[in-house]
Amino acid sequence: MPSLAELQQRFADALYAPEGAIPAFAVAGAAPAPERMDIYRRAIFANYRKALAATYPAIRQIVGDAAFAAAVNAYVRAQPSASGDLNDYGDTFGAFLAEHPPLAALRYLPDVARLEWAIDEVNRAADDAPAPERVLEALAAVAPEHLAGIGLRLSARCRLVSSAYPILEIWQARASDETGAPADAAAAMLAVRRDPDGIVIERLPGDAFAWLAALASGATLARAIDAAQRADAAFDLGRTLHSQIGNGTIAAIVEG
Amino acid sequence: MRQDGRQVRAAEGLSENALTSAAGRTVRPADSSSAVDRALRGAAGVGLRSPHIRKVRSERPAIPWLEVHSENYFADGGPAVAALDDLRTDYPLSLHGVGMSLGSADPLDRAHLAKLARLAARVEPALVSEHLCWSGIGGRHFNDLLPLPYTEEALAHVVARVGEVQDALGRDILVENVSTYLAFAEATIPEWEFVAELARRSGCGLLLDVNNIHVNAVNHGFDPDRYLAAIPADKVAEIHLAGFDRSGDYLIDTHGAPVAPEVWALYARAIARFGPRPTLIEWDLDIPEFEVLAREAATAQAILDDSHAIAR
């Protein structure tokens, strides 16, 4: 008799087989096995379509229900869920869309998806209450000769998303960008943040985005300033520092 | 790194909650919250879903208790978790998990379990339940309630897994019977015996879904009253009611319709046999206005109240 693990493996393989396919395990009684298996096949894909439609409403509206359903069905087969928590599923949907032939011509689509995933993530992030005064105090307490070597930690409620396409406008309009061409080289440099009264999407100048992105990847303040100045030689550290501490994006300093 | 942090916090929560009796046996918090259990015993609640959260938070309808899907509150923070923190001040809560994959031959997902433990420590639910099913194998998840082959091997496996979960949470859980659309030829144990034996061997309580019993009775051709007769009354700690849809020869447990007349009748027979039990209305597809759920709960309440009257 096949073991529990074997039976479950065969059931799992049958789930991803086309509708009507005969499963490689025996079903009790005179029941038509393919028909019964189809109930599960339809249910799991419908479940994923519903879940990802909730996470990616703009993608669904842009491509339409049929194309969205086909994309999700293909995504589930290519990159199955690895978690019993459905809320964890879908982080790579954007990257998948770039390689999904029917939608690959919509070049901006993966970046819109990354924006929607960022919104989803910050909605589930830890509630570290903004405390700008504390960060400023801690910064003031650092000896001047050590400042270059410190890092700055971004709030868990913040994500940075950039794109060569005007994804914020596309996301807001939730309609197809007919041209599919980049509007300009720095069309979207965005900070997605969950504030106490909801999600805020802030458009950043190139230098400030480069500075935050460097800090988010663990760079020291000195290296982050270098990155910002490469984007714009006139980078204003003092102003950017105060605004990003003030709005809660920078949550803490990290001693070098 | 974030996973480790979760586990540490969850473990701390457990040590605070686990009480040790004079005999040295671990007393589950379920025992210490028996006042809540008693309050819920004859009460019909509603499964809280996202379209109703805002309304329930602002209007505080007179519903005796609420049940939520545990995983939807696994987040580190944010509006969903804040809503639950708020609601628990006015409503006893039940955490109903859909993703523990109790019956899977894969190792138990410790990170998933730690998130459930963290949530339970945070909201102190009156009840914690999971499903008698599996959801993934070989690391691949399907995020659905998949059918078990009812064999001795599967029974021993689920008994051990329920034990692992109960030990990690420091409390007894309830396990719910699921709707199924196929049965394995290898099965050697009727579903009702499997469910009853699981409760006896693992010490878990049962969350008996009366709609699922009806759905399975039709899909597999058995007598639902035979099922009820096999279930030990003292193990039944909660009852679920929901609506099904018909698809050809099969009943599909969609949770997308009112409770059917034949399910109400089966429910009344279940309450007559088991006594009043906390009862919950579930609705997950084409979710109607909250008042519709409240009316379904009121119908269940009337049946519970009748049984009280008869008992007196």
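Where a number appears in this text, it was derived from the coordinates with a stated rule and is not lab data. As the structure is a computational prediction, the values presented were derived from the model and not from experiment. No Cβ is skipped: glycine too gets one built from the backbone with ideal geometry, and neighbour counts run over all protein chains shown.
Laid out as a table, the results:
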read-out	value
Which of B:A185, B:P258, B:P149, positive extreme of dipole for the range B:32-311 (C-beta unit charges)	B:P258
Helical mean residue ellipticity (222 nm; -39500 (n - 2.57) per DSSP H run of 4+; nearest 500) of the protein assembly as shown	-14500 deg cm²/dmol
Cα→Cβ-extended label distance, 7 Å offset, between A:A46 and A:A70, nm	2.2
Among B:G170, B:G138, B:G275: highest mean-square fluctuation, GNM of chain B, C-alpha pairs under 10 Å	B:G138
Order of B:T89, B:T151 - criterion: other Cβ atoms within 10 Å of each residue's Cβ, fewest first	B:T89, B:T151
Residue order, fewest to most beta carbons within 10 Å, for B:C133, A:C158	B:C133, A:C158
Selected from B:E238, B:E282, B:E193 as most flexible by GNM, with chain B as the system and alpha-carbon contacts under 10 Å	B:E193
Gain upon complete extension [B:R201, B:D223; 0.36 nm per residue less C-alpha separation]	5.4 nm
R0 of 22 Å, Cβ-Cβ distance B:D284-A:Q61: FRET efficiency to nearest 0.05	0.40
GNM flexibility winner over chain B from B:N212, B:N72, B:N177 (Cα, springs under 10 Å)	B:N72
Charge sum, other residues only, whose C-beta stays under 15 Å from B:I189's C-beta, Lys/Arg counted +1 and Asp/Glu -1	-3
Shape call, the range B:32-311: gyration tensor on alpha carbons, a/c limit 1.5	rounded
Residue-span extension gain [A:S243 to A:A222] - 0.36 nm each, minus C-alpha spacing	5.7 nm
Label-point separation in nm, A:D197 to A:A26, each point 7 Å along Cα→Cβ	6.7
Counted charge near A:R153, where neighbours are those whose Cβ lies closer than 13 Å (Asp, Glu -1; Lys, Arg +1)	0
Rg/Rh ratio calculated on Cα atoms of the protein assembly as shown (Kirkwood radius)	1.01
Cα-projected label distance for A:A140 with B:D167, points at 7 Å along beta-carbon direction, nm	5.4
Point-charge dipole on Cβ atoms (K/R +1, D/E -1) for the protein assembly as shown, about Cα centre, debye to 20	440
For the range B:81-233, convex hull of alpha carbons as volume per residue, Å³	122
Potential extension, B:E262-B:A160 segment - 0.36 nm per residue separation minus Cα distance	33.2 nm
Residues B:E193 and B:A233, FRET efficiency given R0 of 22 Å [Cβ-Cβ distance, rounded to 0.05]	0.90
